[in-house]
Structure formats: structure tokens, C-alpha cells
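Following: one structure in C-alpha cells, then a few remarks.
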Amino acid sequence: MKLVLIVIFFGLSSLVKACPISSEDLAFKLKQSAHNKNVSPLLDPNLTEEEFNSTVNRIREYFTPVFTTLGKSLNVYASWSYPMNNAFATQDKNGTSVYFFGLFTMNKFMTKDAFLFVACHEIGHHLGGFPKESGSMAWASDEGQADYFAANKCYRELLKNDPENTNAEKLILPDSVKEQCKSQYPVEDEYRICLRSARAGEDVGKVLEFMKTAVDSNKVLLAEPEPAPVTKTLETHPDPVCRALGILSASLCNRPTDVAISDTDETVGVCHEKNGDKIGYRALCWFRPE
């Protein structure tokens, strides 16, 4: 196995099970994958190796100093060609690490923006704040919260003044989504980032749905009704519709990106009903407010 070490924090825990993982479980999965070459159904992939690498570089350049400021080491082990359709985030005595593999991007729904979003999702496992997982994985933000951080903080910050924002209004989205983004973000560049984030959430949801069902659905996830509220916050992955709608909700929260999300207080750094917010809070299909 050839892995390229990059001093960066980056990755997607998994398309199907995007979660942090212990070092022991990671070693087992890497060994297991060496005997399983057909680990992912492919659907006309449109993400290129060049886009894979440029996204890695973009994340590296922004987040290396962020983690250095926090006194943490950042390690990314990235391989475009290794036959594994998962990627993993770990935190142990060797520091903060992620393992990232190109195979999981080989799906026609995986756009460059969606790939950037899932990179932000993995960063969210480390910087996303409350709510967090339990037990030995208590260092990691829950799956839904990693999505929230990705859309509300990471994605908005990385796409500031991005030249490709000018194309955002051409994205296929429900009119209601465009109206909500416009209402929350009167500044043109921020409005366009909201559109890109919402579209990325739709595409990520479609990737996950296909990986789960192997069905190429034409369903517009952002136009689906939100699933029923949970009675207990999920540590695991919400279903694809909930994830897409949760990403949209986080995209609509116009809190400043430089205000950190608290590790213990569910109201700090986010939109929340207790803060008087009517929109942009964590989706109730995965989050149960305290």
C-alpha cells in the first residue's frame, strides 16, 4: 500500500458510514481492503485526480495554521488509487490523523463542491463542537454536527471571494432554497456560497443514497419533507434526506464564521431557537435540543 503523507487535517470518514474510528479498527479495515478490490459500485465518476489533489491542497493551506494554533498536529494519509471506498478520522497519541482514498469519490453525484464539503465534514469531527460522541470517541463531534460545522463554518469560510461563486446562480435548486438563501444573505457573494453549499448537500445526500441502495434515484432530496424529529440526538448517520436538509439548514445560519462552536453549550456559535433564530438551527431529524 502506498500512501502519501500530507501535513493537513482532511478526509471523509465514509460515504456510507462517515464516522471517526479508532486506530485499531482502522488498521483492521486497511488490511481487510487489500483483499477486496471491488469495494464500490461506480456510476460515471466525474471528479478527477487533479480536483482531488487541488482540494487536498486547499484544505491543507487553510487548516494547517488553524490546528497549529490549537497546539495539535495534523496528519493526512491520502491515496487516489488505493482500493478503499471509505476514509477515516482518528485521534490518538500520534496526533490528529485522517486517511483519505480516491475510490469513494467515483460516483457521478460526487462533484468538486461535494468533495470539498465532505472534506469540511471531516474537519468538523475535530472542530465541530457540541454534540459529541460518547465513550472513547468523545473527542469527535457527532455526524450531524460535523455536517453542521462543514456547512456553517468551513464551507462558508473557504469559498469567500471564490471565482466560481459567479456560477452559483446557475445551479439546479428548488426555488424555495434560493429564496431562503437570498433572505439570509443579502450580500451577493454570501448568497452564492449558500447556493453552492445547499447544492453540495443535495449531491452528498445522493451519493450516500446510492451507496446505501444502489438505486439511481431522481428524487430531489431538498424538496422532500423533513423526517420526524428524533427523541434522542443521533451519534450515527442521519438518513440521506435528513443529511441534505440538515446541511441546508446549517447553510442558512448566518452566524459569523469566526465564532467557534462550543464543545459544551448547544447555543454558542450556532443558530438556535434559544437565540431567537427562526431558521438555520440543527435539523431536528438528527438533533434533540436539551
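The values are calculated or read from the model by the stated rules, or taken from the named source; none is laboratory data. For clarity, every value in this text was computed on a predicted model and none was experimentally measured. All Cβ positions, glycine included, derive from the backbone under ideal geometry; neighbour counts span all protein chains shown. Just the protein is used for accessible areas: all its heavy atoms, side chains included, with ligands, DNA and RNA removed. Shrake-Rupley method; radii C 1.70, N 1.55, O 1.52, S 1.80 Å.
Can you name the residue in the stretch 61-96 that is out of contact with any His (no Cβ under 7 Å at 6 or more places or on another chain), under 26 Å from residue 45 (Cβ atoms) and of a type in the set (Gly, Ala, Ser) and is also most open to solvent (accessible area, probe 1.4 Å) among such residues?
Among residues in the stretch 61-96 that are out of contact with any His (no Cβ under 7 Å at 6 or more places or on another chain), under 26 Å from residue 45 (Cβ atoms) and of a type in the set (Gly, Ala, Ser), the one most open to solvent (accessible area, probe 1.4 Å) is 81.
What is the residue count in the stretch 200-249 for residues that are in a helix (DSSP H, G or I), open to solvent by 50 Å² or more (accessible area, probe 1.4 Å) and in contact (Cβ under 8 Å) with a residue 24 or more places away in the chain?
2
Give the residue that is most open to solvent (accessible area, probe 1.4 Å), with candidates limited to residues of the stretch 97-119 that are under 20 Å from residue 140 (Cα atoms) and hydroxyl-bearing (Ser, Thr, Tyr).
Applying the filter and picking the extreme gives 99.
Given the options 141, 134, name the one that is buried (at least 24 other Cβ atoms within 10 Å of the Cβ), farther than 23 Å from residue 80 by Cβ, of a type in the set (Ser, Thr, Tyr) and modelled with pLDDT under 95.
That would be 141, the only listed residue that is buried (at least 24 other Cβ atoms within 10 Å of the Cβ), farther than 23 Å from residue 80 by Cβ, of a type in the set (Ser, Thr, Tyr) and modelled with pLDDT under 95.
Identify all residues within the stretch 184-199 that are of a type in the set (A, V, I, L, M, F, W, C) and either open to solvent by less than 40 Å² (accessible area, probe 1.4 Å) or more than 18 Å from residue 256 (Cα to Cα) (or both); write none if there are none.
Listed by number, the residues that qualify are 193, 194, 195, 198.
Of all residues being under 22 Å from the mean Cα position of the chain (by Cα) and among the hydroxyl-bearing types (Ser, Thr, Tyr) in the stretch 158-197, which is nearest to residue 114 (Cα to Cα)? Just the residue, please.
197
Give the stretch 270-283 a look and list any residue that's within 18 Å of the chain's Cα centre (by Cα) and part of a loop (DSSP other than H, G, I, E, B), or say none.
Result: 270, 280, 282, 283.
How about the stretch 136-160: which of its residues are within 25 Å of residue 187 (Cα to Cα) and assigned to a helix (DSSP H, G or I)?
The answer is 147, 148, 149, 150, 151, 152, 153, 154, 155, 156, 157, 158.
I'd like the full set of residues that are touching a Cys at 6+ places or on another chain (Cβ under 8 Å) and closer than 16 Å to residue 240 by Cβ, limited to the stretch 166-215.
198
Examine the stretch 128-135 for a residue that is assigned to a helix (DSSP H, G or I) and within 30 Å of residue 267 (Cβ to Cβ), and state whether such a residue exists.
yes
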